[in-house]
Amino acid sequence: MIENSVRVLAIEDDPDYVELIRLCLDESDGMGLTFELESASRLSEGLTKLLAFSYDAVLVDLGLPDARGLEAARSVLRAAPDTPVLVSTNLGDEKAALEAMRLGAQDFMIKASSDSRLLKRSIRYAIERKGVLAQRDQIIRAAVDGMVVVDASGVVRFVNAAAEAVLDAPAQGLLGRPFPHRAQVGESALLSVPREGRPPAVIDMRVTEVSWNGAPAALASLRDVTDLRRVEQLKAEVVQRRKLDELKDQWIDTLAHDLRTPLTIIKCAIVDLSDDGDPPLSGEQAALVDMARRQVERVERMTSKILEHSRLRSGVATLAPEPLDAPALISAVVSDFQRAAADRALALDADCAKGLPALHADRELFEQLLVNLVDNALRFARSRVMVSATATEDGSFSLAVRDDGVGIPPEKSDMIFARFHQLGRERGTDGYKGTGLGLSICKQIADMHRGRITAKSRPGEGTTFEVRLPLAGPVAASPGPSDPGACADPGGAR
């Protein structure tokens with residue numbers, strides 16, 4: 001915005017032309033502007049005034065006694081970089097005037113064609129244009145993206161603060177020097193910019209054509225996309241890992257499925273060999289056959305677990321929730337495991353709270369969850385496994401399976417529900433090695449019921465797995481009592 005009073009400095013050695021300028025500026029322009037003119041007959045005098053006073057515009061002659069041609073324009077532009085500069089020249093010197101504009105002058109005037117209207121308009125436009133350029137520079141300097149202006153020779157002419165940060169270099173180390181990257185107008189490129197003490201930055205550079213100080217130039221817009229590229233790389237790695245997991249799962253599922261038939265044939269042959277041996281098997285032979293049978297059953301359990309995991313993961317398994325008598329189901333499962341517990345000299349007990357409401361869950365999946373948790377606890381326990389069931393204050397069903405084993409190392413606690421992940425047992429402990437799918441299946445079942453499963457453990461003191469599922473209300477008909485200890489010792493064995 002132009003103030004009502006405009007202060008102009010004319011650096012002109014022709015007193016008649018200075019007077020002409022004064023007369024032109026004194027005339028009313030209908031815009032309400034008044035002009036105050038000061039003059040200097042030599043460049044040195046004009047530069048002194050520019051250092052001492054502030055002006056709204058400077059009119060400089062390209063033919064001064066102490067400066068010829070563009071030297072005068074360059075000197076004034078250096079002395080007053082923020083002040084609009086107009087150059088005046090004689091007819092035939094338009095080339096020099098245009099060159100002065102490329103250096104930063106706002107406009108030029110031919111002395112022979114000067115009049116009041118043209119002079120005032122030129123001054124007014126020069127001030128407005130300079131203001132617009134100042135706003136542009138302010139915006140560029142404050143831009144979040146780095147901005148670098150490179151002239152036709154590839155030399156850096158402007159650098160904003162963001163570019164200094166992106167390029168990890170101060171402006172004084174860039175200005176006036178060749179731009180270290182190829183800046184081709186209309187192109188974009190990813191730059192690798194070394195940074196001291198840090199990994200190289202990835203910079204997205206886009207180049208457009210601009211005019212800088214009246215000459216063609218290239219504006220390189222720089223944006224640090226290091227973090228974005230890292231995120232994209234991580235996404236690609238995740239996608240690749242998922243693809244590999246899918247291929248691995250498909251291969252494992254196919255293998256487990258294809259093993260079922262030969263396993264059945266081998267098991268039947270072993271049973272026939274054991275039952276119908278003629279002549280009868282010796283003691284050593286019978287032991288070998290029994291060992292083979294146990295190993296076949298072990299592989300059968302592994303393949304069944306793999307196929308069950310595949311069924312849950314693929315979404316093929318459908319959830320059929322119904323009101324369940326949890327104490328009765330717990331009693332049955334604990335009873336089934338009593339012989340396995342006795343073989344390992346372990347105590348297996350259950351304790352269900354009195355008056356426990358019905359559990360709202362899928363019967364088959366809940367039994368699978370319970371079997372997996374008890375089986376896992378027996379393989380790690382030292383002397384005792386406890387299964388308990390209660391109703392929580394928030395209205396959920398809580399199933400807890402506790403063992404007194406070695407516990408879970410803190411650094412492995414985040415991995416216990418991962419597929420195919422197994423925790424090592426103490427040296428010398430018994431029990432078959434599993435597939436690493438049991439706890440993963442438990443988590444899938446809990447998730448399907450919109451419940452959750454957690455593990456609490458202290459190394460050397462054992463582990464408690466707790467599952468929380470929704471309750472359905474009172475049990476309509478229960479095959480047995482639900483009192484404390486009612487499901488504690490269903491089989492009477494230890």
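Please determine, by comparing only the residues of segment 49-63 that are out of contact with any Lys or Arg (no Cβ under 6 Å at 6 or more places or on another chain) and not in a strand (DSSP E or B), which one is modelled with the highest pLDDT. Can you show your working first?
As a first pass, look at segment 49-63 and keep what is out of contact with any Lys or Arg (no Cβ under 6 Å at 6 or more places or on another chain): 49-54, 57-63.
Narrowing further to those that are not in a strand (DSSP E or B): 49-54, 62.
On the way: LYS49: 93, LEU50: 90, LEU51: 90, ALA52: 90, PHE53: 90, SER54: 86, LEU62: 87.
Step by step, filter segment 49-63, then rank; the result is LYS49.
Of the conditions (1) modelled with pLDDT under 75; (2) not in a helix (DSSP H, G or I), ARG298 satisfies every one except a single condition; which number is it?
Of the numbered conditions (1) modelled with pLDDT under 75; (2) not in a helix (DSSP H, G or I), the odd one out for ARG298 is (2).
(1) under 18 Å from LEU86 (Cβ atoms); (2) polar (S, T, N, Q); (3) part of a helix (DSSP H, G or I): which one isn't true of SER44, the others all being true?
Result: SER44 fails condition (1) only.
Scan segment 23-30 and tell me whether some residue there is touching a Gly at 6+ places or on another chain (Cβ under 6 Å), modelled with pLDDT under 90 and either assigned by TED's automatic domain parsing to the domain that holds ALA100 or more than 20 Å from THR89 (Cβ to Cβ) (or both).
So the first thing to find is which residues in segment 23-30 are touching a Gly at 6+ places or on another chain (Cβ under 6 Å), and the list is none.
Looking through segment 23-30, none of the residues is touching a Gly at 6+ places or on another chain (Cβ under 6 Å), modelled with pLDDT under 90 and either assigned by TED's automatic domain parsing to the domain that holds ALA100 or more than 20 Å from THR89 (Cβ to Cβ) (or both).
Taking the stated definitions as given, is LEU70 loosely packed, with under 13 Cβ neighbours inside 10 Å and among the aliphatic types (A, V, I, L, M)?
Values: loosely packed, with under 13 Cβ neighbours inside 10 Å: no; among the aliphatic types (A, V, I, L, M): yes.
When the stated conditions are applied, LEU70 does not pass them.
Which residues, counting only those in segment 161-190, are within 15 Å of ARG141 (Cβ to Cβ) and part of a loop (DSSP other than H, G, I, E, B)?
If the condition is that a residue be within 15 Å of ARG141 (Cβ to Cβ) and part of a loop (DSSP other than H, G, I, E, B), then PRO170, LEU174, LEU175 are the ones that fit.
Each row is one residue, and each column tells you yes or no for (1) modelled with pLDDT of 90 or more; (2) not small (Gly, Ala, Ser).
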position: ARG363; (1), (2): no, yes
position: ALA381; (1), (2): yes, no
position: ARG384; (1), (2): yes, yes
position: ALA400; (1), (2): yes, no
position: ASP403; (1), (2): yes, yes
position: GLY407; (1), (2): no, no
position: PRO410; (1), (2): no, yes
position: ALA418; (1), (2): no, no
position: HIS421; (1), (2): no, yes
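Please verify whether GLY46 is under 24 Å from LEU23 (Cα atoms), out of contact with any Pro (no Cβ under 9 Å at 6 or more places or on another chain), modelled with pLDDT of 90 or more and of a type outside the set (Val, Ile, Thr), treating the condition exactly as stated.
Details: under 24 Å from LEU23 (Cα atoms): yes; out of contact with any Pro (no Cβ under 9 Å at 6 or more places or on another chain): yes; modelled with pLDDT of 90 or more: yes; of a type outside the set (Val, Ile, Thr): yes.
The answer is yes for GLY46.
Name the residue that is farthest from ARG382 (Cα to Cα), counting only residues in segment 441-462 that are in a strand (DSSP E or B) and in contact with a Phe, Trp or Tyr (Cβ under 7 Å, 6 or more places away or on another chain). Reasoning before the result, please.
So in segment 441-462, the residues in a strand (DSSP E or B) come out as 452-458, 462.
Imposing the further condition that a residue be in contact with a Phe, Trp or Tyr (Cβ under 7 Å, 6 or more places away or on another chain) reduces the set to 453, 455.
Numbers: ILE453: 23, ALA455: 18 Å.
Ranking the candidates gives ILE453 first.
Go through (1) loosely packed, with under 14 Cβ neighbours inside 10 Å; (2) modelled with pLDDT under 60 for THR429 and report which single condition fails.
So THR429 meets the others, but not (1).
For the structure I just gave you, tell me whether LEU174 is closer than 26 Å to ARG102 by Cβ, within 25 Å of the chain's Cα centre (by Cα) and not hydroxyl-bearing (Ser, Thr, Tyr). Full working, then the answer.
Details: closer than 26 Å to ARG102 by Cβ: yes; within 25 Å of the chain's Cα centre (by Cα): no; not hydroxyl-bearing (Ser, Thr, Tyr): yes.
No: the conditions fail for LEU174.
Please determine, by comparing only the residues of segment 345-399 that are without any contact (Cβ under 8 Å) to a residue 40 or more places away in the chain and among the polar types (S, T, N, Q), which one is farthest from GLU466 (Cα to Cα).
Out of the qualifying residues, it is SER383.
Would you kindly identify the helices (runs of 4 or more DSSP H) lying entirely within segment 64-146 that contain at least 3 residues that are closer than 24 Å to ALA163 by Cβ and modelled with pLDDT under 80?
Working: elements: 70-79, 94-103, 116-142.
By residue number, 116-142.
Of the conditions (1) within 30 Å of the chain's Cα centre (by Cα); (2) part of a loop (DSSP other than H, G, I, E, B), SER221 fails just one. Which one is it?
All conditions pass for SER221, except number (2).
Please state which one of ALA292, ALA286, ALA340, ALA332 is of a type in the set (Gly, Ala, Ser), within 30 Å of PRO470 (Cβ to Cβ) and modelled with pLDDT of 80 or more.
Numbers: ALA292 fails: within 30 Å of PRO470 (Cβ to Cβ); ALA286 fails: within 30 Å of PRO470 (Cβ to Cβ); ALA340 fails: within 30 Å of PRO470 (Cβ to Cβ).
The conditions single out ALA332.
Being at pLDDT 85 or above and either assigned by TED's automatic domain parsing to the domain that holds ALA73 or surrounded by 12 or more Cβ atoms within 10 Å (Cβ to Cβ) (or both) narrows it down to one of ALA169, ALA165, so name that one. Before the answer, list the steps.
Values: ALA165 fails: at pLDDT 85 or above.
ALA169 is the lone residue from the list that is at pLDDT 85 or above and either assigned by TED's automatic domain parsing to the domain that holds ALA73 or surrounded by 12 or more Cβ atoms within 10 Å (Cβ to Cβ) (or both).
The values are calculated or read from the model by the stated rules, or taken from the named source; none is laboratory data. All values derive from a computational prediction rather than experimental measurement. Cβ sites come from the backbone with ideal geometry, for glycine too, and all protein chains shown count toward neighbours.
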